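Here it is, the structure, as structure tokens.
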Amino acid sequence: MESMIIEGEQRLAGSVRIGGAKNAALPILAATLLGNGSCTLSNVPRVVDVFTMSKLLAHLGARVESNGDLTTVSVDEISSCRAPYELVKTMRASVLVLGPLLARHGEAFVALPGGCAIGARPINLHLTALELMGAEITIEHGNVHARVLGRLRGAQIYFDVSTVTGTENIMMAACLADGTTVIENAAREPEVADLAQFLITRGARISGAGTDMITIQGVPALHGADHEIIPDRIETATYLVAGAITKGDVTVERCRPDHSDALLAKLREAGAELMIEKETIRIRAPERLGCVNVKTLPYPGFPTDIQAQMMALMAVAQGSSMITETVFESRFMHVLELQRMGAEIRIDGNHAVVTGVKRLSGAPVMASDLRASACLILAGLAAEGETRVGRVYHLDRGYEQLDQKLVGLGARVRRAPERP
């Protein structure tokens, strides 16, 4: 395993290009299982979760060819309906093959997923919705076994809690169902809308994606299509915070500013200067930002996937801020590591009270999940001395060449083997 070593207090400046959204690429890759024909996807991020999903598709019978940010998937037939634990244990998004397998093959045997340690993230909402569509669901030895005789049938689905993967799973399953499916309290995230656009290009009949009510009229089959993955709004946010935390001047290119409204509002409120064009955001930060309160919410609210990065920024801001986490119950695991670096943070339930300090101190810290990895690296950029972030394999699940991109902005960052 590797660590990331950061020599802090280097002001970042320059431009960085954003890659495709991991959280859009994964469901779109899963959706290639829904029909015959070749699908060529562009702007696919080269990250570990995408590699894992590609291996899973190949196990299920797909032909997957990748060249740079292009991935072509062909699925003439499903040769296996089993997604084994060995392939899915590191990636919660593996549950996204459940709906496509069931809709096309009539059966799916999917191991309950693993992934980051940020909460339970149960899939009961997915399973209840599939049962309403006519599926028979059993859970055996840590696996979900779903079967249906003939086609799934359209149904009225209401999610008690907005769920991104649940919305995506049911939307995919409904594409080949008999009749019309309506999903109420659907997730509104841009990644859901991107998946819907890909499915529509393949011949699906979907309306309302991007709102809280999505209607899908089932069709007999889907065909091949080409599609470009949207830019990653979480990667965009991470580099904007990197510019802000180092008092820098950073331009983020090939992004979607309209997908980052909640973050941009908070950065402005904190005192950052933002210059926004169609596909670029430039941030210039003062000597010290002010504090802001943040509450994570489903889109279009402030994303939970940026909460940890924002906490690193508030740790060196002027004043006290409150960060409230409403999406995942265990997403403050980075707090203890930030405290090791001198951050003043007090936890009260799902609230973190952050009192900014003038300077953090470099220290050896340990990443607990994907976004915590980014948080600790950002903190290291602002800290005095050297920070060593362990377990950065989490980072590679969702960021493509983050260390190299930071070096391109002037950071002093390198990888090294973890110490015994």
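Which is closer than 26 Å to A225 by Cα, more than 25 Å from the chain's Cα centre (by Cα) and without any contact (Cβ under 8 Å) to a residue 40 or more places away in the chain, of T138, T180, T201, T211?
Details: T138 fails: closer than 26 Å to A225 by Cα; T201 fails: more than 25 Å from the chain's Cα centre (by Cα); T211 fails: more than 25 Å from the chain's Cα centre (by Cα).
Being closer than 26 Å to A225 by Cα, more than 25 Å from the chain's Cα centre (by Cα) and without any contact (Cβ under 8 Å) to a residue 40 or more places away in the chain holds for just one of T138, T180, T201, T211, which is T180.
Can you tell me which residues in the stretch 162-191 are in a helix (DSSP H, G or I) and surrounded by fewer than 24 Cβ atoms within 10 Å (Cβ to Cβ)?
Residues satisfying the conditions are V164, P190.
Mind listing whichever residues of the stretch 57-86 are part of a strand (DSSP E or B) and either out of contact with any strand residue (DSSP E or B) (no Cβ under 7 Å at 6 or more places or on another chain) or under 19 Å from A225 (Cβ atoms) (or both)?
R63, V64, E65, S66, N67, L70, T71, T72, V73, S74
Would you call G8 modelled with pLDDT of 95 or more, more than 20 Å from the chain's Cα centre (by Cα) and surrounded by 17 or more Cβ atoms within 10 Å (Cβ to Cβ)?
Here the answer is yes, as G8 does meet what is asked.
Could you count how many residues in the stretch 307-346 are in a loop (DSSP other than H, G, I, E, B), touching a helix residue (DSSP H, G or I) at 6+ places or on another chain (Cβ under 8 Å) and more than 18 Å from K266 (Cβ to Cβ)?
5
Just to be sure, is D403 touching a strand residue (DSSP E or B) at 6+ places or on another chain (Cβ under 6 Å) and part of a helix (DSSP H, G or I)?
So D403 passes the test.
Continuing with this model, one more query. Condition first: polar (S, T, N, Q) and either touching a Cys at 6+ places or on another chain (Cβ under 7 Å) or over 17 Å from Y399 (Cβ atoms) (or both). Now tell me which residues in the stretch 237-258 satisfy that.
Within the stretch 237-258, T246, T251 meet the criteria.
If you check L130 against the conditions, is it modelled with pLDDT of 85 or more, part of a helix (DSSP H, G or I) and within 23 Å of S79 (Cα to Cα)?
Values: modelled with pLDDT of 85 or more: yes; part of a helix (DSSP H, G or I): yes; within 23 Å of S79 (Cα to Cα): yes.
When the stated conditions are applied, L130 passes them.
From the residues in the stretch 348-395 that are charged (D, E, K, R), surrounded by 16 or more Cβ atoms within 10 Å (Cβ to Cβ) and touching a strand residue (DSSP E or B) at 6+ places or on another chain (Cβ under 7 Å), which one is modelled with the highest pLDDT?
This residue is R388.
In the stretch 347-365, which residues are touching a helix residue (DSSP H, G or I) at 6+ places or on another chain (Cβ under 7 Å), over 11 Å from E384 (Cβ atoms) and hydrophobic (A, V, I, L, M, F, W, C)?
Across the stretch 347-365, the qualifying residues are I347, A352, V354, V365.
Okay, next question. Does G150 fit the bill of being touching a strand residue (DSSP E or B) at 6+ places or on another chain (Cβ under 9 Å), within 23 Å of H223 (Cβ to Cβ) and part of a loop (DSSP other than H, G, I, E, B)?
On the way: touching a strand residue (DSSP E or B) at 6+ places or on another chain (Cβ under 9 Å): yes; within 23 Å of H223 (Cβ to Cβ): yes; part of a loop (DSSP other than H, G, I, E, B): yes.
In short, yes.
From the list P286, P300, pick out the single residue that is farther than 24 Å from D369 by Cβ, assigned to a loop (DSSP other than H, G, I, E, B) and either at pLDDT 95 or above or in contact with a Lys or Arg (Cβ under 7 Å, 6 or more places away or on another chain) (or both).
One residue alone meets the criteria, P286.
One residue is enough: does the stretch 20-38 have a residue meeting the conditions surrounded by fewer than 18 Cβ atoms within 10 Å (Cβ to Cβ), touching a residue at least 24 places away in the same chain (Cβ under 8 Å) and in a helix (DSSP H, G or I)?
Checked the stretch 20-38: no residue is surrounded by fewer than 18 Cβ atoms within 10 Å (Cβ to Cβ), touching a residue at least 24 places away in the same chain (Cβ under 8 Å) and in a helix (DSSP H, G or I).
Is there a residue being in the same structural domain as G8 (by TED's automatic domain parsing), more than 24 Å from G8 (Cβ to Cβ) and not hydroxyl-bearing (S, T, Y) anywhere in the stretch 333-341?
No.
Now, a different point. List pairs: first in the stretch 148-161 and more than 10 Å from A177 (Cβ to Cβ) and buried (at least 19 other Cβ atoms within 10 Å of the Cβ), second of a type in the set (D, E, K, R) and at pLDDT 95 or above, Cβ under 9 Å, 6+ apart or cross-chain?
Final answer for the pair search is I157/E184; F159/E184.
The values are calculated or read from the model by the stated rules, or taken from the named source; none is laboratory data. Just so we're clear, the structure is a prediction, and the values are computed from it rather than from any experiment. We place every Cβ from the backbone using ideal geometry, glycine too, and count neighbours over all the protein chains shown.
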